[in-house]
Structures are given as C-alpha cells and as structure tokens.
Amino acid sequence: MEISLFSILDILGTIAFAISGALSAMNRRLDLFGIFIIAFVTAIGGGTVRDILIGDTPVTWMENIMYIYLIGTVTILAIVFRNKLNYLKKSLFLFDTIGLGVFTITGVETGIQNGLDPIISVALGAMTGTFGGVLRDILCNEIPVIFRKEIYATACLIGALAYVTLYDLGMNADVIYLATALTVISIRLVVVKYKITLPSFYPTSPGSSRIR
C-alpha cells in the first residue's frame, strides 16, 4: 500500500471503528466471537457498502488482507485493555466520532475519483461514514444513532460538502482531508457537549396530541 495521508487516514478510521465496535459489543456483554464480529462489521461496513454501490468488487478488505490483521489486532488490544478504555469517559463516542470523520473522507474521495456527480459523492461520503455504525447498532439490538435526533449523518453531510467545495477551489489534497475530518469531528463534539439535536415532531408526553 502506498504510504500517503489518505492511506494513513483510512487505517486510522479502521482502527477507530474497530475499537468502537469492540467496546459496543463488550458493553452488551457479547462473547468473544460476538466481539470480533461486531468490531469487524463496524470497521468495514461503510466501505463495503461504498464499494458495492460503485461496482468496485471484490471490495477493499477482500483484496487487502492487511485489514483483517489490523482489525483482529486492534480488537484483541481493545479486549486486553478494556478496563482502561472503559475508564475513559465517552471513549465509545470518541472512537466512533473519529471513524465517522475519517471515513467520510474516503467515501467522497472514492466518488470523485470515479467521476461521480459532487452531490452523489457527498451522499457516498455520508454512507461510508455512517453505515458501519448502523450495522453495529442493529447487531447490538439498538436503534442506530443515524435514525435518532442526534446530529450524526448531518455532520457527515456538512463535512462532505466542505470536501467538494475545497476540491473545486483547487486546494491541496492533504489540506482537504484534514479540513473535512476536523469539520465532522468538531461538529460532533460541539453538538454532543451542548446537547444540540435535530427538531422532534413527536409528542413530549403521553398526554400530548397524536401526530396525524
């Protein structure tokens, strides 16, 4: 693999999502096999969906065995050091946010390199960033964050829009990568810290009138 900022970010995103999946599985008290499966699905889910949608098969992790070794090693380390990871407050949120920002980049970049329309590339970036977490939450019997009122996919979309805007302006690729990742991560950190959510149209109490 060529060592570039893009490949480094891809590896960091894979590591972050693998840890996120492993922590989520351990929080649900799954067995060893379940932990590995959830970590693996979380780490490669978004990229797999992306590759299938653009017809790039076999998908990336099937062509590069490094991803299997990387996810396996990271999952083992997450299990061994689980007490220290759990000691860090909101560690699951932090790793999930890092993965979200990094994989948004890989999705948009893939769309652009395949000559897709910028809007489609933005959508591809959001899918790549969020689908690993969606699969993780579904397998852990939780409603995915993307389907709740948290600002999750919206952060991906804003970051992806920043990417295509900077790309059209002819900015350096490394600058675009860093700016996009920081945009997504910063939005997630701010909205969670200040409890900013998307508006809800559901009744706030059982006695409220029903939506028609």
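In this structure, does ILE38 turn out to be at pLDDT 95 or above and either in a loop (DSSP other than H, G, I, E, B) or open to solvent by less than 50 Å² (accessible area, probe 1.4 Å) (or both)?
So ILE38 passes the test.
The selection criterion, being surrounded by 17 or more Cβ atoms within 10 Å (Cβ to Cβ) and in contact with a Gly (Cβ under 7 Å, 6 or more places away or on another chain), holds for PHE103.
Kindly evaluate GLY55 against the criterion of being without any contact (Cβ under 8 Å) to a residue 12 or more places away in the chain and surrounded by 14 or more Cβ atoms within 10 Å (Cβ to Cβ).
Numbers: without any contact (Cβ under 8 Å) to a residue 12 or more places away in the chain: yes; surrounded by 14 or more Cβ atoms within 10 Å (Cβ to Cβ): no.
No, not satisfied.
Listed by first and then second residue, the pairs linking a residue in the range 105-128 that is closer than 21 Å to ILE146 by Cα to a residue that is open to solvent by less than 40 Å² (accessible area, probe 1.4 Å) and among the basic types (Lys, Arg), with Cβ atoms under 9 Å apart and 6 or more places separating them unless they lie on different chains, are THR106/ARG50; GLY107/ARG50; LEU124/ARG50; GLY125/ARG50; MET127/ARG50; THR128/ARG50. Note on the range 159-179: among residues that are among the hydrophobic types (A, V, I, L, M, F, W, C) and open to solvent by 80 Å² or more (accessible area, probe 1.4 Å), the one that is nearest to LYS195 (Cα to Cα) is LEU161. Only a single criterion out of (1) open to solvent by less than 50 Å² (accessible area, probe 1.4 Å); (2) among the acidic types (Asp, Glu); (3) more than 22 Å from ALA173 (Cβ to Cβ) is not satisfied by GLU63, namely (1).
Just to confirm my filter: which helices (runs of 4 or more DSSP H) fall fully inside the range 44-147 and include at least 3 residues that are touching a Ser or Thr at 6+ places or on another chain (Cβ under 6 Å)? It would help to see each step written out before you state the result.
Details: elements: 60-63, 66-80, 82-87, 91-113, 118-139.
Counting at least 3 such residues, we get 91-113, 118-139.
The values are calculated or read from the model by the stated rules, or taken from the named source; none is laboratory data. Note that the structure is predicted; figures quoted are calculated from it, not measured. Using ideal geometry, Cβ is built from the backbone for each residue, glycine included, and neighbour counts are taken over all protein chains shown. Quick note on the areas: whole protein, heavy atoms, side chains included, nothing else; ligands and nucleic acids left out. Shrake-Rupley method; radii C 1.70, N 1.55, O 1.52, S 1.80 Å.
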